[in-house]
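Shown next, in structure tokens, is the structure this report addresses.
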Amino acid sequence: MKKTFTAGLLTLLAATFPVCAQPIPTPTNASDYEELPELKASEILRPEILQGPNHKVREEVPTYSGANRFTIDSV
């Protein structure tokens with residue numbers, strides 16, 4: 001009975017999720033990817049956040065994996 005159940009399950013999965021006939025192309029070199037933007041902290045943050053008595057946020061804000069990376073210099 002276990003073998004019948006497994007074969008039936010595989011048949012159901014094959015019917016539900018058909019296999020693609022064509023392979024999905026993958027990027028092969030760096031020029032195939034979109035260049036990540038570099039944002040400006042002054043365009044994102046409020047002025048009181050940019051600079052305080054003990055810190056300053058650098059203007060350049062690189063983006064990695066959809067997240068902004070702020071660099072903060074402190075005294």
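The values are calculated or read from the model by the stated rules, or taken from the named source; none is laboratory data. Since this is a predicted model, take the numbers as computed values, not measurements. Reconstructed Cβ throughout: ideal geometry from the backbone, glycine too, with neighbour counts over all protein chains shown.
Just a few scattered comments:
- Residue ID - modelled with the lowest pLDDT, chosen from residues in the range 18-43 that are aliphatic (A, V, I, L, M) and within 30 Å of Ser74 (Cα to Cα): Leu36
- Pairs where the first residue, in the range 44-58, is under 13 Å from Ile72 (Cα atoms) and the second is in a strand (DSSP E or B) and acidic (Asp, Glu), C-beta under 6 Å, 6+ apart: Lys56/Asp73
- Among residues of the range 42-75, those that are hydroxyl-bearing (Ser, Thr, Tyr) and surrounded by 12 or more Cβ atoms within 10 Å (Cβ to Cβ), counted: 3
- Filter result (outside any strand (DSSP E or B), of a type in the set (Val, Ile, Thr) and modelled with pLDDT of 95 or more) within the range 50-75: Thr71
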